[in-house]
């Protein structure tokens, strides 16, 4: 990493589906797996149901969209504190679009749709404008090769009745 501090992340992925049998053919094996990160609860995963996975488990595509959303939110909240915007609530309904091609697939885009509620005395224009630098700072968004768009909505909380 040129000129920057290096951060390392480690994850262990264990194929738990092996208990249901080996990989004899595409349709017969379980996609169940467990993601383990030291000191954190495990994540039970599978493939997307379109690829014969368990719909009750997280899949890599879901986790990528969630990572982009969470990274953007964390940067946005930080920048709000720096610029004096008081955030009361933040909720994002992020959605990713993947294109499955004959021999591979790829994400075409992810759209973040945060709804941010700010205090009555916060500046809505500043709050809205902070999404752009939050996107520029997001480590995960800077690591993908597809567009990540942000369609944010700013809501001002009502002032308490006097």
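The values are calculated or read from the model by the stated rules, or taken from the named source; none is laboratory data. Bear in mind that the values here come from a model prediction, so they are computed numbers and not experimental data. Quick reminder, even Gly has a Cβ in these numbers, built from the backbone with ideal geometry, and neighbours come from all protein chains shown.
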I'd like the full set of residues that are assigned to a helix (DSSP H, G or I) and either touching a residue at least 60 places away in the same chain (Cβ under 8 Å) or surrounded by 16 or more Cβ atoms within 10 Å (Cβ to Cβ) (or both), limited to region 137-162. 137, 141
Which ones in region 98-108 are without any contact (Cβ under 8 Å) to a residue 40 or more places away in the chain and touching a strand residue (DSSP E or B) at 6+ places or on another chain (Cβ under 6 Å)? 98, 99, 105, 108
Among 91, 44, which is the only one that is within 21 Å of the chain's Cα centre (by Cα), over 30 Å from residue 156 (Cβ atoms), outside any loop (DSSP other than H, G, I, E, B) and modelled with pLDDT of 95 or more? 44
Give me the pairs, please: first residue somewhere in region 109-136 and in the same structural domain as residue 82 (by TED's automatic domain parsing), second residue anywhere and modelled with pLDDT under 95, beta-carbon distance under 6 Å, and either six or more positions apart or on two chains. 117/157; 119/157; 120/157; 120/159
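Would you be able to tell me the number of residues in region 94-105 that are more than 17 Å from residue 151 (Cα to Cα) and either modelled with pLDDT of 95 or more or not in a loop (DSSP other than H, G, I, E, B) (or both)?
Residues flagged as more than 17 Å from residue 151 (Cα to Cα) and either modelled with pLDDT of 95 or more or not in a loop (DSSP other than H, G, I, E, B) (or both) within region 94-105 amount to 4.
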Restricting attention to region 106-128, does a residue exist that is modelled with pLDDT under 95, farther than 21 Å from residue 87 by Cα, under 24 Å from the mean Cα position of the chain (by Cα) and part of a loop (DSSP other than H, G, I, E, B)? no
Of all residues making up region 1-41, the number that are outside any strand (DSSP E or B) and closer than 25 Å to residue 98 by Cβ: 15
Residues of region 34-62 being surrounded by fewer than 16 Cβ atoms within 10 Å (Cβ to Cβ) and under 13 Å from residue 16 (Cα atoms), which ones? 34, 36, 42, 43, 44
